[in-house]
Amino acid sequence: MSITYKIGDGPVKVVTAKEHESLTIKSSIEVYGATYGPADVTDKVRSLISSGNRKILAANTTFGDSWVGTYKTLTVVYSDGTGKIKVAAAGETHELTL
């Protein structure tokens with residue numbers, strides 16, 4: 001089996017596996033910084049990304065409630081392997097996809 005894919009504006013890549021082999025598509029997301037409300041959650045976001053999560057729920061259950069009673073936004077500064085620095089944001093209770 002062969003899979004052709006592209007991440008962001010990066011180059012087209014092809015991965016191949018024989019019968020009974022697994023295919024792994026690695027994303028090269030590098031997180032430069034992340035905040036949830038006033039809290040620095042960079043390490044938590046890096047951990048989520050390194051375990052294969054590209055969708056992150058911006059919620060107190062994920063990052064704790066660093067600003068009780070206040071609506072918070074998850075903001076992530078990252079690169080997706082294309083050399084471009086990007087910013088993504090999601091409001092509390094919404095999902096952010098990198």
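Throughout, read-outs are computed from the coordinates displayed, never taken from laboratory work. In this text, all values refer to a predicted model and were calculated from it rather than measured experimentally. Quick reminder, even Gly has a Cβ in these numbers, built from the backbone with ideal geometry, and neighbours come from all protein chains shown.
So for the chain, Kirkwood radius off the Cα pairs, Stokes-Einstein at 10 °C and 1.306 mPa s: how many µm² s⁻¹? Roughly 107 µm²/s, to the nearest whole number. Positive contributions from Lys and Arg (+1) and negative ones from Asp and Glu (-1), summed over other residues with Cβ under 13 Å from the Cβ of N53, come out at +3. Computed over neighbours whose Cβ is under 14 Å from that of K72, the net charge equals -2, Lys and Arg +1, Asp and Glu -1.
The 3J(HN,Hα) values that the Karplus relation (6.51, -1.76, 1.60; θ = phi - 60°) gives for segment 90-96 are, in residue order, 9, x, 3, 6, 10, 9, 10 Hz. Gly and Pro appear as x.
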